[in-house]
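Visitor: This structure is in structure tokens; I'll ask about it shortly.
The values are calculated or read from the model by the stated rules, or taken from the named source; none is laboratory data. Keep in mind that what you see is a predicted model, and the values were worked out from it rather than measured. Cβ sites come from the backbone with ideal geometry, for glycine too, and all protein chains shown count toward neighbours. Surface areas here come from the heavy atoms of the whole protein model, side chains and all, with no ligands, DNA or RNA. Shrake-Rupley method; radii C 1.70, N 1.55, O 1.52, S 1.80 Å.
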Amino acid sequence: MSLSFIKTWVFDLDNTLYPPEENIFSQIDEKMTSFIAENLKISHEEAFNIQKQNFIDHGTTLAGFMNTGNNKINPDKFLEYVHDINLSSLKADNKLRKILLMLPGEKYIFTNGTKKHAENVIKRLNLENIFHSIFGIKEANYLPKPNIETYNLFLKINNIDPKTSIMFEDMGRNLIPAKKLGMTTVLLERKLPNKNNSEQKEKYKDLWNDDYDADYIIDDIVKFLNNEYN
Ligand SMILES: [Mg+2]
């Protein structure tokens with residue numbers, strides 16, 4: 001299958017534009033646990049279980065609190081706290097930069113994190129001035145992927161035709177609505193969702209790839225795009 005019909009390139013951010021081995025998302029994961037434990041005055045273990053259950057039931061940890069009207073978790077304070085992390089492991093990815101610049105058409109970031117976090121990550125990866133815009137959780141009115149309403153909003157405000165667009169993601173479930181709307185889907189197979197915590201990883205190991213049968217299942221964006229375009 002050729003990608004020559006693709007006019008719009010949509011990328012998730014965390015664990016998609018860089019691998020989980022960089023230990024970025026695992027920091028966010030841990031900060032979410034401590035924020036919940038502190039604000040709800042519960043143990044870390046209880047906080048972690050609520051966090052993961054929210055993620056399973058509501059798309060993100062935060063959405064779970066918002067949907068159930070839990071006012072002990074302030075959304076903006078939560079987002080600011082969990083994205084305040086050390087990005088020093090991220091290095092310029094010039095191979096990715098080069099191939100992204102070769103792709104015809106507009107590129108977008110579509111993330112359940114904040115736009116500010118995405119900007120910080122993009123800067124570290126040397127991927128500035130590539131993406132047309134960043135659609136983060138606030139732009140989504142706090143309604144995360146995989147809610148299909150958010151995909152509709154994202155497509156509408158950016159005037160994107162899903163039939164000529166392709167979406168890259170590390171979470172299979174986030175590609176299901178994309179496919180339903182007519183987008184081409186690419187799943188990044190990631191093996192290490194949270195390398196700091198193998199016990200938790202085992203318990204929640206099915207959260208990441210979900211056995212979703214994407215149009216393409218790959219382990220390296222640069223290699224995949226180079227095959228298509230070089
Ligand atoms: Mg991701």
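Visitor: Might you check whether a residue that is of a type in the set (Gly, Ala, Ser), more than 16 Å from the ligand (Cβ to nearest atom) and touching a Ser or Thr at 6+ places or on another chain (Cβ under 8 Å) occurs anywhere in segment 125-146?
Guide: Of all residues in segment 125-146, those of a type in the set (Gly, Ala, Ser) come to 133, 136, 140.
If we keep only those that are more than 16 Å from the ligand (Cβ to nearest atom) too, we end up with 133.
Checking which are touching a Ser or Thr at 6+ places or on another chain (Cβ under 8 Å) leaves us with none.
Within segment 125-146, not a single residue is of a type in the set (Gly, Ala, Ser), more than 16 Å from the ligand (Cβ to nearest atom) and touching a Ser or Thr at 6+ places or on another chain (Cβ under 8 Å).
Visitor: Does any residue in segment 83-99 that is assigned to a loop (DSSP other than H, G, I, E, B) come within less than 7 Å, Cβ to Cβ, of a residue that is open to solvent by 60 Å² or more (accessible area, probe 1.4 Å) six or more places away or on a different chain, and which pairs are these?
Guide: Going by the 7 Å Cβ cut-off, the qualifying pairs are His83/Lys116; Leu87/Asn120; Leu87/Arg124; Leu90/Arg124.
Visitor: Kindly indicate which of Lys77, Lys41, Lys31, Lys52 is within 24 Å of Asn147 (Cβ to Cβ), outside the structural domain of Asn147 (by TED's automatic domain parsing) and surrounded by fewer than 16 Cβ atoms within 10 Å (Cβ to Cβ). Reasoning before the result, please.
Guide: Details: Lys41 fails: within 24 Å of Asn147 (Cβ to Cβ); Lys31 fails: surrounded by fewer than 16 Cβ atoms within 10 Å (Cβ to Cβ); Lys52 fails: surrounded by fewer than 16 Cβ atoms within 10 Å (Cβ to Cβ).
Unique residue meeting the criteria: Lys77.
Visitor: Consider Thr16 against the criteria (1) outside the structural domain of Asn129 (by TED's automatic domain parsing); (2) closer than 19 Å to Ile137 by Cα; (3) surrounded by 18 or more Cβ atoms within 10 Å (Cβ to Cβ): it satisfies all of them except one. Which criterion is unmet?
Guide: Only one criterion in (1) outside the structural domain of Asn129 (by TED's automatic domain parsing); (2) closer than 19 Å to Ile137 by Cα; (3) surrounded by 18 or more Cβ atoms within 10 Å (Cβ to Cβ) is unmet by Thr16, namely (1).
Visitor: Hey, could you check segment 19-48 for residues that are closer than 18 Å to Leu188 by Cα and either touching an Asp or Glu at 6+ places or on another chain (Cβ under 7 Å) or not in a loop (DSSP other than H, G, I, E, B) (or both) and say which is nearest to the ligand (Cβ to nearest atom)?
Guide: Filtering segment 19-48 for residues closer than 18 Å to Leu188 by Cα gives 19-26.
Imposing the further condition that a residue be either touching an Asp or Glu at 6+ places or on another chain (Cβ under 7 Å) or not in a loop (DSSP other than H, G, I, E, B) (or both) reduces the set to 20-22, 24-26.
On the way: Pro20: 9, Glu21: 14, Glu22: 12, Ile24: 10, Phe25: 7, Ser26: 12 Å.
The residue in question is Phe25.
Visitor: Say we look at segment 147-165 and pick out the residues that are of a type in the set (Val, Ile, Thr) and more than 16 Å from the ligand (Cβ to nearest atom); which of these is farthest from Asn54 (Cα to Cα)?
Guide: If we take residues in segment 147-165 being of a type in the set (Val, Ile, Thr) and more than 16 Å from the ligand (Cβ to nearest atom), then Thr164 is farthest from Asn54 (Cα to Cα).
Visitor: Turning to a different aspect of this structure: Sort out which residues of segment 1-11 are open to solvent by less than 10 Å² (accessible area, probe 1.4 Å), over 14 Å from Leu96 (Cα atoms) and either of a type outside the set (A, V, I, L, M) or outside any loop (DSSP other than H, G, I, E, B) (or both), and write them in order of number. Break it down stepwise before answering.
Guide: Within segment 1-11, the first condition is being open to solvent by less than 10 Å² (accessible area, probe 1.4 Å), and the residues that meet it are 3, 6, 9-11.
In the following step, the residues that additionally are over 14 Å from Leu96 (Cα atoms) were identified as 3, 6, 10.
Correct list: Val10 only.
Visitor: Are any residues in segment 121-132 open to solvent by 70 Å² or more (accessible area, probe 1.4 Å) and polar (S, T, N, Q), and if so, which ones? Spell out the reasoning first.
Guide: If we filter segment 121-132 for residues that are open to solvent by 70 Å² or more (accessible area, probe 1.4 Å), which is where we start, we get 123-124, 128-129, 132.
Selection gives Asn129 alone.
Visitor: Here's another thing I want to ask about it. Within segment 109-132, does at least one residue satisfy the condition of being part of a strand (DSSP E or B) and not hydrophobic (A, V, I, L, M, F, W, C)?
Guide: Applying the first criterion (part of a strand (DSSP E or B)) to segment 109-132 yields 109-110.
From the residues that got through so far, the ones that are not hydrophobic (A, V, I, L, M, F, W, C) too are none.
Within segment 109-132, none of the residues are part of a strand (DSSP E or B) and not hydrophobic (A, V, I, L, M, F, W, C).
Visitor: Something else: May I ask you to verify whether Leu103 is in contact with a helix residue (DSSP H, G or I) (Cβ under 6 Å, 6 or more places away or on another chain), surrounded by fewer than 20 Cβ atoms within 10 Å (Cβ to Cβ) and not charged (D, E, K, R)? I'd like the intermediate steps shown before the answer.
Guide: Working: in contact with a helix residue (DSSP H, G or I) (Cβ under 6 Å, 6 or more places away or on another chain): no; surrounded by fewer than 20 Cβ atoms within 10 Å (Cβ to Cβ): yes; not charged (D, E, K, R): yes.
Taking the combined requirement at face value, the residue does not satisfy it.
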